[in-house]
Amino acid sequence: MHGRNPLTQHQRQPPRRRLAVVRGQDRSRWTDFYHMILTAPWIVFIAGLLAFFFFVNVVFALFYMADPNGIEHARPGNFWDAFLFSVQTIGSINYSVMVPKSIYANLIVVFEAFFGILNLALITGIVFSRFSRPYARVIFSNVAVITPYDGIPTLMFRAANQRANQILGANIVVTFAYQQTSSEGIAMRRFQELPLVRARSSLFALSWTVMHRIDETSPLHGATQESLEARQAELIALLSGTDETLADVIWARHSYKPHQIHWGRRFADIISTTSRGRRLVDLTRFHQTEPDQASASTSPPRPE
């Protein structure tokens, strides 16, 4: 691992799914500004607010410049003075150096003051909505493994809650997505839910190893990395539950491509006991796997 904490490295850049390119979609989706604002990254959101702030003050500064002598102690026709006066007006800054002296300038001040109050209320609501949105701090192991469990080949991957609380009534659904061509030559994307050994956890606090037995009824029975790649297969995990602190439902999603499924390996142990008898969960080994000698002779070969 080159001396790095695998959990920390995974946290820095959470996995992002590539969205498909869609043609002919309704253009009204570009008018859904509220959804765009809520989902935009924080740096983009702050940059957008800053750009909007400058734009509004530039517009009002141009209105003020229409009356060169409308602002006391401002240089006639000077854009910078008009811009600073607009900033002081919309921000309710009472410097009392530049003041409106004409009827036209006072009317512009009235409109800008009203716009400032409305703008402040809208921005406050949007910022609160962004902060109050429930989100999960659940991580999934970088890879999934297929290793014998009770004598049956079993697909396994890990999930962990990074918050120091519990997720109540946690449920996880694993879907096997693959490409299938009908006898008529029609290619379709198919989705099949995989039965799990344990799909629900009443109290999900630390680590959860999700398992699917690969028996004769499993769509992964007899599968290899090459066959999964040929079918454009993907495993999609969706975890949901109620955060006990937020008292709201949270969601987490992750997917595994064929090259992220390792045969003949098992996860390194992360649960042990301290010298004082307390349970220790070592998340620094969360993503680590090691060879499983028991499955070496029965596992499908993986390409080098």
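The values are calculated or read from the model by the stated rules, or taken from the named source; none is laboratory data. None of the values given here were measured: they were computed from a predicted structure. All Cβ positions, even for glycine, are placed from backbone atoms using ideal geometry, and neighbour counts span all protein chains on display. Please note that ligands, DNA and RNA were not included when accessible areas were found on the heavy atoms of the full protein model with its side chains. Shrake-Rupley method; radii C 1.70, N 1.55, O 1.52, S 1.80 Å.
Here are some notes:
- Residue within segment 186-198 that is open to solvent by less than 20 Å² (accessible area, probe 1.4 Å) and within 29 Å of the chain's Cα centre (by Cα) present: yes
- Residue in segment 249-267 that is outside any loop (DSSP other than H, G, I, E, B), surrounded by 11 or more Cβ atoms within 10 Å (Cβ to Cβ), modelled with pLDDT under 80 and of a type in the set (Gly, Ala, Ser) present: no
- Any hit, segment 180-188, residues being among the acidic types (Asp, Glu) and more than 30 Å from LEU62 (Cβ to Cβ): yes
- Scope segment 59-79; condition assigned to a loop (DSSP other than H, G, I, E, B), open to solvent by 50 Å² or more (accessible area, probe 1.4 Å) and touching a residue at least 12 places away in the same chain (Cβ under 8 Å); matching residues: ALA66, ASN69, HIS73
- Failed criterion for PHE55 (all others in (1) modelled with pLDDT of 95 or more; (2) surrounded by 13 or more Cβ atoms within 10 Å (Cβ to Cβ) hold): (2)
To keep it simple, each residue is scored yes or no on (1) closer than 21 Å to ILE270 by Cβ; (2) free of Cβ contacts under 8 Å to residues at least 12 places away in the same chain; (3) open to solvent by 20 Å² or more (accessible area, probe 1.4 Å).
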position	(1), (2), (3)
GLY116	no, no, no
ALA136	yes, no, yes
TYR149	yes, no, yes
LEU168	no, no, yes
SER201	yes, no, no
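- If only residues of segment 138-147 that are assigned to a loop (DSSP other than H, G, I, E, B) and polar (S, T, N, Q) are counted, the one that is surrounded by the most Cβ atoms within 10 Å (Cβ to Cβ) is SER141.
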